[in-house]
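Visitor: Let me begin by handing over the structure; questions about it come next.
Taken together, the values in this text are just the output of simple stated rules run on the coordinates, not laboratory data. Source: prediction; values computed, not measured. Ideal geometry is used to build each Cβ from the backbone, glycine not excepted, and the neighbour counts take in all protein chains shown.
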Amino acid sequence: MPYIPQLQPFQARSLADGFIVATSRSGDFAFFSPSEFDQFQSAPATLPLEFQAELRARFLLGDTGPHPGTKRLITSRIAAKRETVLKGPALHIIVPTLQCAHSCQYCQVSRSLQDQGHTMSITDIEAACDTIFESASQTLTVEFQGGDPLIRFDLVKHAVLHLQRRNLSEQRRIRFVVASTLHQLDPDMCTFFKEYNVYLSTSIDGPRDLHNRNRPIPGRDSYERTVKGIELARELLGHDAVAALMTTTSSSLADPEAIVDEYVRLGFKDIFLRPLSSYGFAKRNQILLGYSVQKFFDFYQRGLKRVLHWNSHGVEIREVYACILLNKMLSTFDAGYVDLQSPTGAGSSVLVYNYDGYVYPSDEARMLAETGDKSLRMGRIGEPLENLLQSAVARSLAVASTVENAEGCCDCPYNKFCGPNPVDAQAQFGTLFIPVENTEHCQRHKGLFDAMFMEIRTADEDLLDLFYQWARPAAGVRD
């Protein structure tokens, strides 16, 4: 019986450059001109044989009847993309204190340099550490956030030592990260961090003036003190022991090139062009700091173009948002970025143990609690992990973030790469269950995927090689 190509289930979307991208059940994709797409739909057998072979390899064309081997292959590819969210919590965030010297207008939490009761007890720290080992994952990341955890280095140290003692018998692979301004960093801390392989993450919003405006402290020297901390960490821990993140405010929009150039000047190999998050106390400053989704697209595309410019001139630097998207689009194995999982990684692959004694499904969820919305508390620190993962909050998050259940996701061609963000919906609308297309999360990521597909379609061989390097799972981040 002669082979007669048949259309396989697919979803399609028109891009701004006039081409059409179609995605298959497996998450593979192909590009069509409008005339090719009409031909593909009406008479696929008339397409050039080479193009037919490509579409067959991408599961967009197939035989006349169902083939069990093909079904198994598609099922395994889908499972590989969901592996990170289904294997249990591997990222555990401990918030030992809200103390911080900064007065950032975009900060999502209330903070001050004084304690004011916003510090975790030793009992809760030890209970959180014990819960971490209830996770089935053999590889664990324990991240300390705040506030500024280095203001209470004693609590960070206590937690690390408690985890290390437990791990003598548990034998897990543990990676420690401390997110800090680095203003309190000193050589003694570095000695401890080096002994226990602790990595540092800090914030650099761009050149000195922009950073100091975004992240003010009384001495007006936030940038200088953070850079000093970066230099100390690199000297005593190694160049790659410290990474940096930036947050895009309205003040950032005018010159993304200068922000990228600052990261290059400081010797960073990654930059994450992150949008502003409207959680917690940051939501009150949206009029001052916020911007439209379209303005962020414009900023992002200029910033990405600048990153690609530096790569073309031999400077190795990755844009992390692009890495996340490319990992979803080009790699069989998912890097585990929480916000684009379906079901969501919030409350399943990541847990947050907050200073207030409660466990939250994500960093953003505990920030909502700071402004009174405590609806996403999963339970008390010290409760069995199984109870937390089976809590009403965890179950609701899973239902609200499954693409098959979400209005606006089922017919989206990007639903193999993306997923609803119910925590985002809760922050924006006060409910987990909202038509996905109404959320900034959906609007932003549709635009970003559109832009990245157009980049892939027009990329030359060298740029495509770079994109595949960026797509490796190690290039992604969790949130």
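Visitor: If the limit is 21 Å between Cα atoms, which of 269/295; 228/269; 194/228; 87/328; 87/374; 305/446 go over it?
Guide: 269/295; 87/374
Visitor: Could you work out the local net charge near residue 295, counting Lys and Arg as +1, Asp and Glu as -1, over the other residues with Cβ closer than 14 Å to its Cβ?
Guide: My count for the surroundings of residue 295 gives -1.
Visitor: In whole Å, what is the distance between the alpha-carbon centres of the range 137-185 and the range 319-385?
Guide: Between the Cα centre of the range 137-185 and that of the range 319-385, the gap is 18 Å.
Visitor: If amide H atoms are built 1.01 Å from N in the plane of the peptide, which residues on other chains or at least 5 residues away come under 5 Å of the amide H of residue 203?
Guide: So residue 203 has HN proximity to 245.
Visitor: Kindly identify the range 140-288 as rounded, prolate or oblate by the Cα gyration tensor criterion: order the square roots of the eigenvalues as a ≥ b ≥ c, call it rounded if a/c is under 1.5, otherwise compare a/b with b/c, prolate if a/b is larger, else oblate.
Guide: Prolate is the answer for the range 140-288, as a/c is 1.5 or above and a/b outweighs b/c.
Visitor: Oh, and also: Whole number please: convex hull volume per residue, Cα atoms of the range 331-479, in Å³.
Guide: For the range 331-479, the hull spanned by Cα atoms encloses 118 Å³ per residue.
Visitor: Name the long-range amide H neighbours of residue 174: under 5 Å, sequence gap of 5 or more, or other chain; modelled H, no Pro or chain starts.
Guide: So residue 174 has HN proximity to 140.
Visitor: Using the 10 angstrom Cβ neighbour count as an exposure proxy, how do 20, 151 rank, fewest first?
Guide: 20, 151
Visitor: Something else: Among 140-150, 168-178, 21-31, what's the highest-first ranking by average C-beta atoms within 10 angstrom per residue?
Guide: Packing order, densest peptide first, comes out as 140-150, 21-31, 168-178.
Visitor: At 222 nm, what value in deg cm²/dmol follows for the chain if DSSP H runs of at least 4 each add -39500 (n - 2.57) and the sum is divided by all its residues, to the nearest 500?
Guide: Computed ellipticity for the chain at 222 nm equals -13000 deg cm²/dmol.
Visitor: Starting from the Cα gyration tensor of the range 6-65, take the square roots of the eigenvalues, sort them a ≥ b ≥ c, and report rounded, prolate or oblate (rounded when a/c is under 1.5, otherwise prolate if a/b is larger than b/c, else oblate).
Guide: oblate
Visitor: So in the chain, what percent of DSSP beta bridges are antiparallel if you round to the nearest 5?
Guide: Just about 35 percent of them are antiparallel.
Visitor: Tell me whether the range 296-404 comes out rounded, prolate or oblate; compute the Cα gyration tensor, take square roots of the eigenvalues as a ≥ b ≥ c, and use a/c under 1.5 as the rounded threshold.
Guide: It is prolate, given that a/c is not under 1.5 and a/b is the larger ratio.
Visitor: Relative contact order for the chain: what percent, with Cα pairs under 8 Å and sequence separation of 6 or more?
Guide: Value for the chain: 17 percent.
Visitor: Quick check: net charge around residue 307, other residues with Cβ under 15 Å of its Cβ, Lys/Arg +1 and Asp/Glu -1?
Guide: Net charge around residue 307: -2.
Visitor: Beta carbons within 10 angstrom, averaged per residue: use that to sort the peptides 420-426, 215-221, highest first.
Guide: With the highest mean Cβ count within 10 Å placed first, the list reads 420-426, 215-221.
Visitor: Around residue 167, what is the net charge, scoring Lys/Arg as +1 and Asp/Glu as -1 over all other residues with Cβ under 15 Å from its Cβ?
Guide: Local net charge: 0.
Visitor: What number results when the radius of gyration of the range 398-439, computed over Cα atoms, is divided by 2.2 N^0.38 Å?
Guide: 1.03
Visitor: Another question, if that's okay. Give the long-range amide H neighbours of residue 318: residues separated by 5 or more places, or on another chain, with amide H under 5 Å away, using H modelled in the peptide plane at 1.01 Å from N.
Guide: For residue 318, whose amide H was placed from the backbone, the distant partners under 5 Å are 270, 271.
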